[in-house]
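Below is one structure, written out as structure tokens; comments come after it.
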Amino acid sequence: MTILLVLVPIALALGGLGLAAFLWALRNGQYEDLEGAAMRILSDDDLAP
Amino acid sequence: MAEALDLSSFVRRRDDGAAWMDFAVEGISDAASIRAIEAALCKLAGLTKARINFSARRLHVEWSSGTFDPARIVADLAALGYRVHPFAPRAREEDLEAAQARWLLRCLAVAAFAAMNIMLLSVSIWAGEVSDITPETRDFFHWLSGLIVLPAAAFAGQPFFRSAIRAIKARSLNMDVPISLGVLLALTMSVVETARHAEHAYFDSAIMLLVFLLAGRYLDQAMRRKTRSYAANLSALRAPVATRIEADGEIATVPAAALRAGDTVLVRPGERIPVDGIVIDGRSEIDQSLVTGETAPCAAAAGCEVYAGTLNFSGALRIRVRAAGGGTLLDEIEKLMDGALTQKTRYLRLADKAARLYAPVVHTMAILTAICWLLAGRSAHDAIITAIAVLIITCPCALALAVPAVQVVAAGALFRAKVLLGAGDAIERFAGVDMVVFDKTGTLTLPELGLDSADDAAPAAVECAARLALSSHHPLAQALAARADERMPLDSAEEIAGVGVRAMIDGQEARLGAPSFCDLEAEAEQVRQAHPEASVIAFRRGAETAVFRIRQKLRPDARSVIASLQAQGLPVAILSGDAAPAVGACAQALGVEQWSAAMRPQEKIAWLAARKAEGRKVMMVGDGMNDAPALAAAHASLSPITASGLAQAAADALFLGERLAPVVAAIDIARRANSLMRQNLLFAVVYNLFAVPLAMAGLVTPLIAAAAMSGSSIVVTLNALRASRAAREFAAPHVSPDPAPEPAGSPRFNGATP
């Protein structure tokens with residue numbers, strides 16, 4: 001069962017990574033305009049020409 | 001637009017000096033329009049950011065220098081065919097709500113993350129219990145669960161803890177008190193039990209409870225935010241602009257919201273007056289139906305008081321924006337409003353009622369359990385553990401979702417039926433309605449004037465007169481102009497102020513306007529005799545003559561809506577500020593027996609109070625400023641979106657569009673939602689009837705608690721989804737429009753003789 005000492009932290013770290021990514025996206029305003037994001041899927045005006 | 005548009009009052013500044021403002025955008029429907037608008041704005045020098053929020057239909061722009069004029073944005077986008085309207089900075093409330101939504105979502109994310117990880121551990125323990133888990137591993141898993149849950153619950157539980165503390169400070173109980181208590185006790189007990197190497201810990205129950213409740217609360221808030229932002233956009237779209245006369249005599253177009261008391265504005269014929277004020281110069285006639293419900297225009301001259309939303313007919317007026325004063329109609333109405341609002345006993349919401357019953361019962365039950373176990377000779381530890389298990393299993397997961405889940409679905413259904421809900425508890429009050437009272441002008445009738453007698457005149461004459469009318473600003477002519485098939489005004493047309501329009505058509509002079517202008521006074525007099533409520537407008541081209549009747553028309557489905565309300569057993573009444581003949585004719589046309597005319601605002605309130613004393617729950621549907629106190633005083637209230645600002649603020653909900661059908665839809669959907677709420681509450685009671693005895697007997701394990709909680713939440717949520725079925729019925733035209741045109745000789749109502 002010592003394998004748990006490795007696996008459990010890995011599982012938690014991976015989940016925590018997902019949570020951190022979500023909170024970052026939330027803070028970054030990516031959930032402000034869900035429909036607009038779908039509309040902009042083909043526009044590339046965020047890239048430098 | 002020759003005059004400059006002054007938007008400075010809408011611009012807001014950030015700390016670093018950058019300026020920004022928001023616009024509501026009309027007519028964006030796809031990716032191409034987003035690109036077109038943003039690309040066009042990118043080219044404007046000085047603008048640092050332009051971004052469209054498609055979900056909210058808003059445009060956000062930022063610029064750094066002080067020299068940029070945001071009016072250029074309006075002009076440039078108008079050239080592209082997009083209309084944008086400055087968004088009034090009442091957004092502070094909205095900012096707060098957006099922050100609240102983000103906070104709830106963050107709490108939900110943390111709770112859900114913790115719940116997923118705990119389930120991983122809990123399932124292992126449950127599975128281990130029937131196989132070969134060692135006590136050491138189980139303890140390890142319990143400690144690990146506690147390590148994850150305790151910080152997560154401390155963070156994600158804040159919305160409930162704060163609300164519970166507020167409620168206790170106010171010496172009342174809400175649903176959050178038993179929730180907070182349940183979560184805290186479950187966590188404390190689990191930590192103690194884990195320390196004692198016990199078999200059961202309830203970390204998973206506590207966090208799962210938080211996830212379910214946060215999800216419900218977030219959805220509830222998101223729905224309300226969506227409705228509110230939609231309503232705010234609509235009001236920005238309809239926000240009037242005013243022509244302000246500056247100190248140096250120049251005129252500038254400004255949004256009416258930017259006017260200050262003491263400013264002077266110019267109102268041309270055919271325009272709506274943008275503000276409350278005093279006429280300082282000019283002479284005209286004013287249609288005050290939005291204020292008093294009266295359709296006969298009244299004369300306005302220097303010194304007269306005029307109100308926002310009224311329609312200026314014949315002459316240009318200069319108006320001084322009103323400073324706070326006393327003794328005017330507006331003050332009187334505001335005083336009545338305050339009275340009505342304080343008298344309205346605060347409606348006790350279903351959920352709060354349930355919470356008041358629920359919390360004491362559950363807590364007594366837990367204490368009783370502990371006492372019984374002690375009497376039965378068990379240890380204090382066992383007694384307390386069982387009592388806490390009772391609290392955990394009864395934790396009002398289903399109960400706390402029972403009402404909000406239905407409200408979310410029903411609010412969505414109402415939204416699709418074109419009803420925008422203002423107050424959260426309005427659904428329950430709509431459901432209780434047993435009588436409907438309508439205002440006449442602007443509510444049963446359309447807010448715009450319409451041509452009534454086109455069937456008497458030759459179609460060629462109607463078309464010709466309508467094209468002439470395109471060149472006029474007079475409201476009567478504009479009602480006629482709506483009938484023109486060809487939308488190009490005639491080149492030779494000239495308007496003679498206060499008299500009419502004339503033009504040469506095929507070498508023949510055509511005239512449209514006052515009867516005297518067309519030598520048709522005798523004919524016009526006949527028409528007036530026959531239809532005293534209609535306004536007349538005369539037309540002559542050579543020998544061809546016509547006298548048109550212009551009046552406010554009934555909403556297209558008014559008759560069938562009233563019939564369907566009556567068929568449901570709801571008595572219908574009309575209370576109007578208009579004169580008796582017009583109201584009587586309207587009531588007869590609609591088959592309404594109970595009506596009162598020439599009602600002043602306080603008489604409307606008194607009438608409603610009398611019905612209330614009889615035990616009736618009245619729904620008031622009205623739009624005028626004079627209806628606002630009655631809307632506030634009624635059990636439930638509804639306003640069309642064209643209503644005066646005061647009425648909109650007083651109403652529980654607004655409805656969109658020309659049709660009256662949303663009134664029926666609102667009552668129907670609310671009734672269905674209410675019965676679903678009651679079903680859900682009943683289900684929660686039944687669930688507790690089964691679960692509580694189990695818990696009291698000490699038979700509840702964490703596995704049973706988890707299954708019971710998620711099971712009951714899912715049942716309640718699925719049941720709530722049925723509320724949207726009602727909406728689908730209303731998506732198809734539920735109430736058929738009345739047969740048009742009106743049969744000849746049908747009672748005439750409304751209108752005025754100029």
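The order of B:Arg166, B:Arg283, going from fewest to most other C-beta atoms within 10 Å of their C-beta, is B:Arg166, B:Arg283.
Translational diffusion of the protein assembly as shown was estimated from the Stokes-Einstein equation, with Rh taken as the Kirkwood radius over Cα pairs; at 4 °C and 1.567 mPa s the coefficient is 42 µm²/s. The residues packed around B:Thr386, meaning those with a beta-carbon under 13 Å from its beta-carbon, carry a net charge of -1 if Lys and Arg are +1 and Asp and Glu are -1.
Take the Cα radius of gyration of the stretch B:239-325 and divide it by 2.2 N^0.38 Å, N being the number of residues; the result is 0.99. Once both labels are positioned 7 Å from their Cα atoms along Cα-to-Cβ, the gap between B:Arg678 and B:Lys43 label points is 6.3 nm. Here's the list of aspartates and glutamates a cross-link from B:Lys43 could span, going by alpha-carbon distance under 18 Å and ignoring same-chain residues fewer than 8 apart: A:Asp44, A:Asp45, A:Asp46, B:Glu62, B:Asp69, B:Asp76. Computed on the Cα trace of the stretch B:339-451, the radius of gyration divided by the Kirkwood hydrodynamic radius gives Rg/Rh = 1.27. Residue by residue along A:14-27, Cβ atoms of other protein chains within 10 Å of the local Cβ number 3 on average.
For the stretch B:448-553, what percent of Cα pairs sit more than 17 Å apart? It works out to 45 percent of all Cα pairs. Mean projected area of the convex hull spanned by the Cα atoms of chain B, taken over all viewing directions: 39.6 nm².
Residues whose amide H lies under 5 Å from that of B:Arg83, counting only those 5 or more places away or on a different chain, are B:Glu26; hydrogens are built 1.01 Å from N in the peptide plane.
Going by neighbour counts of Cβ atoms within 10 Å, the residues B:Leu59, B:Leu638 line up, fewest first, as B:Leu59, B:Leu638.
Only aspartates and glutamates eight or more places from B:Lys553 in sequence, or on another chain, were considered; those with a Cα closer than 16 Å are B:Asp287, B:Glu294, B:Asp439, B:Glu448, B:Asp452, B:Asp455, B:Glu533, B:Asp578, B:Asp623, B:Glu658, B:Asp738, B:Glu742.
Entry note, chain B: the mean residue ellipticity at 222 nm calculated from DSSP H runs of n ≥ 4, each adding -39500 (n - 2.57), is -16500 deg cm²/dmol after division by the residues and rounding to the nearest 500. Derived scalar couplings between HN and Hα for the stretch B:693-710 equal x, 4, 5, 5, 6, x, 9, 7, 9, x, 5, 5, 4, 5, 5, 5, 5, 5 Hz in order, rounded to whole Hz, by the Karplus curve 6.51 cos²θ - 1.76 cosθ + 1.60 (θ = phi - 60°), x for Gly and Pro. Rounded to 0.05, the FRET efficiency of the B:Lys612 and B:Arg260 pair, given R0 = 45 Å and the Cβ-Cβ distance, is 0.65.
For the residue pairs B:Lys169/B:Lys604; B:Lys440/B:Lys617; B:Lys49/B:Lys418; B:Lys353/B:Lys418; B:Lys226/B:Lys612, the C-alpha atoms sit more than 32 angstrom apart in B:Lys169/B:Lys604; B:Lys49/B:Lys418; B:Lys226/B:Lys612.
In a shell of Cβ-Cβ distance under 14 Å around B:Arg72, excluding B:Arg72 itself, what net charge do Lys and Arg (+1) and Asp and Glu (-1) give? So the environment of B:Arg72 carries a net charge of -2. Taking a Cβ cut-off of under 13 Å around A:Tyr31, the surrounding Lys, Arg, Asp and Glu residues balance to a net charge of +1, with basic ones at +1 and acidic ones at -1. With the simple model of a label 7 Å out from the Cα in the direction of the Cβ, A:Tyr31 to B:Phe690 spans 3.4 nm. Under a 5 Å amide H cut-off, with hydrogens placed 1.01 Å from N, B:Lys617 pairs with B:Asp434, B:Met435 among residues at least 5 apart or on other chains. Modelled spin labels at B:Ser492 and B:Phe140, positioned 7 Å past Cα toward Cβ, are 10.1 nm from each other. Direction-averaged projected area, Cα convex hull, the stretch B:1-87: 5.7 nm², rounded to one decimal. Panel order for B:Cys42, B:Cys518, B:Cys397, B:Cys372, by other beta carbons found within 10 Å of each beta carbon, from fewest to most: B:Cys42, B:Cys372, B:Cys518, B:Cys397.
Since every read-out is calculated from the coordinates, none of them should be taken as a lab result. This one's a predicted model, so the numbers in the text were calculated from it and none came from an experiment. Backbone-built Cβ (ideal geometry, glycine too); neighbour counts: all protein chains shown.
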